[in-house]
């Protein structure tokens, strides 16, 4: 559980985290058919994880990968795509919620 700078609460469980001298690697394990690209839902998940960890690792590049367990394929998420996914998630969180009477 983490709260981002804008007050958005993030809850999740990172499957694996590795820290090196100059970087951090977030690995999320997935079952199912391996894919060459990271889809929107997984990008959002990884982007939120990265945003939650950024204050904990100042000055370090945080890379995000999906590991497909069926054949141990590793796909790294593009940093620009992660930035876009985070922006979309934060914009969605800022929208007012409608409630039924």
Is there a residue in segment 76-83 that is part of a helix (DSSP H, G or I) and touching a helix residue (DSSP H, G or I) at 6+ places or on another chain (Cβ under 6 Å)?
-> yes
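Filter segment 85-97 down to residues that are within 13 Å of the chain's Cα centre (by Cα) and in contact (Cβ under 8 Å) with a residue 24 or more places away in the chain and give me whichever is surrounded by the fewest Cβ atoms within 10 Å (Cβ to Cβ).
Per the stated criteria, the residue is 88.
Coordinate-derived values only; no laboratory data. Since the structure is predicted, the reported quantities are computational estimates derived from the model, not experimental observations. For neighbour counting, all protein chains shown are included, and Cβ atoms are generated from backbone atoms with ideal geometry for every residue, glycine included.
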